[in-house]
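The values are calculated or read from the model by the stated rules, or taken from the named source; none is laboratory data. All of these numbers come straight from a predicted model, not from anything done at the bench. Every residue, glycine among them, receives a Cβ derived from its backbone with ideal geometry; neighbour counts consider all protein chains shown.
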Amino acid sequence: MTLIDPALLKTRLGVLAGRFDVDSLAECDSTSSELLRRAERGAPAGTVIVADQQSAGRGRRGRQWFSAPEAGLTFSLLWRFNGPASQLAGLSLAVGVGLARGLEGLGAQGVCLKWPNDILLRQGDGFAKLAGILIELASDRRGTQVVIGIGINLQKPAGDLPQPAAGLNQAFDVLPERHELLAAVLVAVGEALESVTVDGFFGLKNEWQVRHAWQDQPVQLLADEATPLLGICLGVDNDGALLLETESGIQRILSGDVSLRRIASTPEVRRL
């Protein structure tokens, strides 16, 4: 039996139940891959695929995202916008704001955001990855189709991981019931996407900035076969581009195909 019952989820969504068409699968290769296939066959905006297990889940930069029953909540949401993809700058950041809103609305403590698409949990003086977002765009004469993949750790992942990770149960005294959690996140992310339709990322920028984990902190920006770029993380601009204060001035980083890491303060990354 699948862990998410679409009929039960509708009761949690209330008046917005008709905005989302949810299909719950015991297993699939990837919720985003399955949703892309359905989108090609004409699935409507608001279609959601949620799976107990993924055999080939995808994360950013080609990484795999593993999920298992009870340990995580993995789903993908289809949305459509009028106009070209170039008008959707900062979309992953906007989704992050929506996801954070949904979790905080249920009482989560310590939720923070990291550019361009990670949700972190504050733990003492540090942070651990709580959730990830992967956005895939396709444009045609009708506008832009967006598949938004979201993976949330409900429990802290086991094993040797490349960066600290956390579980959502660490942000609550009592972890919300799964249907309640998914409903809250869908509603909040949907509201953020509607905001993007009207105002772009600009309307959500201040909310993102308030939750920014590494504001005014020394960081290094890593890209394949490139020298790490050191600087002070100033947050983002109105288009969602990362602003990095370096010795040569403030640089605007547009590509999300990089890794951003916080580092200990050194003379090379002191505030200019």
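None of VAL236, VAL219 is modelled with pLDDT of 95 or more and surrounded by 12 or more Cβ atoms within 10 Å (Cβ to Cβ) except VAL236.
Name the single residue, out of those in the stretch 67-92 being under 14 Å from the mean Cα position of the chain (by Cα) and in a helix (DSSP H, G or I), that is farthest from ARG142 (Cα to Cα). Residue satisfying both the conditions and the ranking: SER92. Screening the candidates LEU134, LEU154 for the property of being within 20 Å of LEU182 (Cβ to Cβ) and either free of Cβ contacts under 8 Å to residues at least 40 places away in the same chain or in contact with a Leu (Cβ under 9 Å, 6 or more places away or on another chain) (or both) yields one hit, LEU154. From the list LEU186, LEU222, LEU175, LEU182, the lone residue that is out of contact with any helix residue (DSSP H, G or I) (no Cβ under 9 Å at 6 or more places or on another chain) and not β-branched (Val, Ile, Thr) is LEU222.
Screening the candidates ALA51, ALA68 for the property of being modelled with pLDDT under 95 and out of contact with any helix residue (DSSP H, G or I) (no Cβ under 7 Å at 6 or more places or on another chain) yields one hit, ALA68. Cβ separations smaller than 6 Å between residues 6+ apart or across chains give the following pairs from the stretch 19-32 residues that are under 18 Å from LEU193 (Cα atoms) to residues that are assigned to a strand (DSSP E or B) and not hydrophobic (A, V, I, L, M, F, W, C): ASP21/THR47; SER32/SER76; SER32/GLY149. Taken as a whole, the stretch 93-112 holds at least one residue that is assigned by TED's automatic domain parsing to the domain that holds LEU154, part of a strand (DSSP E or B) and of a type in the set (A, V, I, L, M, F, W, C).
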